[in-house]
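The structure appears right after this line, and notes come after that.
The values are calculated or read from the model by the stated rules, or taken from the named source; none is laboratory data. Fair warning: this is a prediction, and the values are worked out from it, not measured in the lab. Neighbour counts are summed over all protein chains in view; Cβ atoms, including those assigned to glycine, are modelled from backbone coordinates with ideal geometry.
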Amino acid sequence: MWSDNDSNDGISLQDQLLPVHRQEQKEERKISTKMILSLAGLLFLVALIILGLVFWSLKRADLPSINMQVLPVIILSIDGFRYSYLTEYASQAPNLLSIANSGFMAPLQPVFPSKTFPNHFSIATGLYPESHGIVSNTFYDPQFNETFAVRNAQQQTQSKWWGGEPFWITARKNNLNSAVHFWPGSEAAYGNLRPTYWSTYNQSSPNNDRVDQVLAWLSLPKESRPWLTAFYFDNVDTAGHQTGPDSTSVAEQIKKADDAFGRLLDGLKERGLRDQMNIIVVSDHGMTGISPQRVVMIDRYIDMAQVRVVDWSPVCAIIPTDETKTDELIANLSKAPHVRAYRKDQIPAPYLYENNRRITPIIIVADEGWTISSSQSFQPSYATGGAHGYDNRLPSMTAMMIGSGPAFKSGYNSSVIENVHVYSLLTALLDMKPAMTNGTEAAIDHLLLD
């Protein structure tokens, strides 16, 4: 699509042809005037044909691989919607499945750790957490000497935390209006840019109200409407945490999310926009059940006075009070069952989780379904219901992506896609020049019509 070579290295077609034309004139000086004019006319005609073909080729190279008219895009994130929910709770999700059946469905692999903020911002930027800096829901920055926490509303607006370029800013840089109704990172400025339209997060806002805000933006005069609209539901994740993934509460909340999504589809149809949009639904991670009977108390293996715990479970982030004790602490933590303790520079390569100052010197990763705590701070409620954040390659942590619209194949089931490639999908659909990312358009081309 877009590349640094779209302009033939700065040499125009005329610049390439004229020297040849001049050389032919020198060699044919004895030809009659009539023949010269005929030859010149023929060459001019050939040049026009070649120019047209090259121009057509270059324009095709600039277009997204979908090879069709660029249309507005809506992307919805349903927090905590495990990929398997699409089949396990199929009867509760008819509207979502209608999109999957008329378009595509794909398991979406989250980044590590499989938590909300790192994954939403990886979807937004196409970067791994070590690159965009949102390395967990809670983390410490030694340069700022400050701890970031998802519940700190002021930090959501502070640009210093958020690295990379989210898709709503890429849209603005490509002269397209963008709108975001709740998405981690959307309340901060990037340089002097923000989304064209955006909202301050309000967890108590019902899903129907969120849909109505999106429809209000899409009802603006055509020149003011967003080309890229993103919004977010959190109710499925909340239910999963409270009662676990295999619960009637999760089923009920999936039905509510699906009903609200149906409200969006109906609203688009009423406005004559349903077939003029490419619609994508993603989630950030899955969910697994936890229990008070599956808890590792790390204070049984190390002296808690020797460490500062930045984040607890299921990925425990630890800063030793004495760096020289790091290896000793890891050796003792390695004696604990159902967890794995790593030095920062020895974290498994597949996690892609090392090269950032916000990643602590010691990381402990719990086995699926286990909780990390301490004897003094543990309460049974901490290990009741469901959790996520575990190894991002686990089936229970797998998220989902579905999509439908004129750009997409119909009835297509994809293999697993890493969520860092979603950014590339959005830039392809909207013919936007992308920022530097860890994702590639090649990883999502198979979702699109040839």
Among the numbered criteria (1) touching a strand residue (DSSP E or B) at 6+ places or on another chain (Cβ under 7 Å); (2) under 30 Å from Tyr301 (Cα atoms), which single criterion is violated by Leu352?
(1)
Identify, by number, the condition in (1) crowded, with 16+ Cβ neighbours inside 10 Å; (2) over 25 Å from the mean Cα position of the chain (by Cα); (3) not basic (Lys, Arg) that Gly272 doesn't meet.
(1)
Identify the single condition in (1) within 30 Å of Met304 (Cα to Cα); (2) in contact with a helix residue (DSSP H, G or I) (Cβ under 6 Å, 6 or more places away or on another chain); (3) β-branched (Val, Ile, Thr) that Ile402 does not satisfy, given that it satisfies every other one.
(1)
All but one of (1) of a type in the set (Gly, Ala, Ser); (2) in the same structural domain as Gly267 (by TED's automatic domain parsing); (3) not in a strand (DSSP E or B) hold for Ser136, so report the exception by its number.
(2)
Only residues in segment 212-224 that are more than 11 Å from Arg271 (Cβ to Cβ) count as the first member; pair them with residues that are in a loop (DSSP other than H, G, I, E, B), Cβ under 6 angstrom, at least 6 apart or cross-chain, and list the lot.
Trp217/Pro226
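Residue-by-condition table, conditions (1) surrounded by fewer than 22 Cβ atoms within 10 Å (Cβ to Cβ); (2) of a type outside the set (A, V, I, L, M, F, W, C); (3) within 20 Å of Ala383 (Cα to Cα):
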position	(1), (2), (3)
Val236	no, no, yes
His241	yes, yes, yes
Ile279	no, no, no
Arg294	yes, yes, yes
Could you go through segment 332-347 and let me know if any residue there is assigned to a helix (DSSP H, G or I) and under 24 Å from Val295 (Cβ atoms).
yes
Could you tell me whether any residue of segment 393-411 is touching a His at 6+ places or on another chain (Cβ under 9 Å), assigned to a loop (DSSP other than H, G, I, E, B), touching a residue at least 60 places away in the same chain (Cβ under 8 Å) and surrounded by 15 or more Cβ atoms within 10 Å (Cβ to Cβ)?
yes
Which of the numbered conditions does Lys256 fail, given that it passes all the others? Conditions: (1) crowded, with 16+ Cβ neighbours inside 10 Å; (2) among the basic types (Lys, Arg); (3) free of Cβ contacts under 8 Å to residues at least 12 places away in the same chain.
(3)
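Take the conditions within 18 Å of Thr125 (Cα to Cα), surrounded by fewer than 22 Cβ atoms within 10 Å (Cβ to Cβ) and at pLDDT below 95 and apply them to Asn174. Does it pass? Walk me through it before giving the result.
Numbers: within 18 Å of Thr125 (Cα to Cα): yes; surrounded by fewer than 22 Cβ atoms within 10 Å (Cβ to Cβ): yes; at pLDDT below 95: no.
In short, no.
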Please work out which residue is nearest to Tyr190 (Cα to Cα), limiting yourself to segment 102-122 and to residues that are assigned to a helix (DSSP H, G or I) and in contact with a Pro (Cβ under 9 Å, 6 or more places away or on another chain).
Phe121
For segment 380-392, check the following and say yes or no: at least one residue is touching a residue at least 40 places away in the same chain (Cβ under 8 Å), closer than 18 Å to Ile134 by Cα and in contact with a His (Cβ under 6 Å, 6 or more places away or on another chain).
yes
Quick test for you: out of Thr229, Thr238, pick the one residue that is assigned by TED's automatic domain parsing to the domain that holds Ala106, β-branched (Val, Ile, Thr) and assigned to a helix (DSSP H, G or I).
Thr238
Among the strands (runs of 3 or more DSSP E) confined wholly to segment 257-315, which include 2 or more residues that are in the same structural domain as Leu96 (by TED's automatic domain parsing) and farther than 30 Å from Ile362 by Cα?
278-282
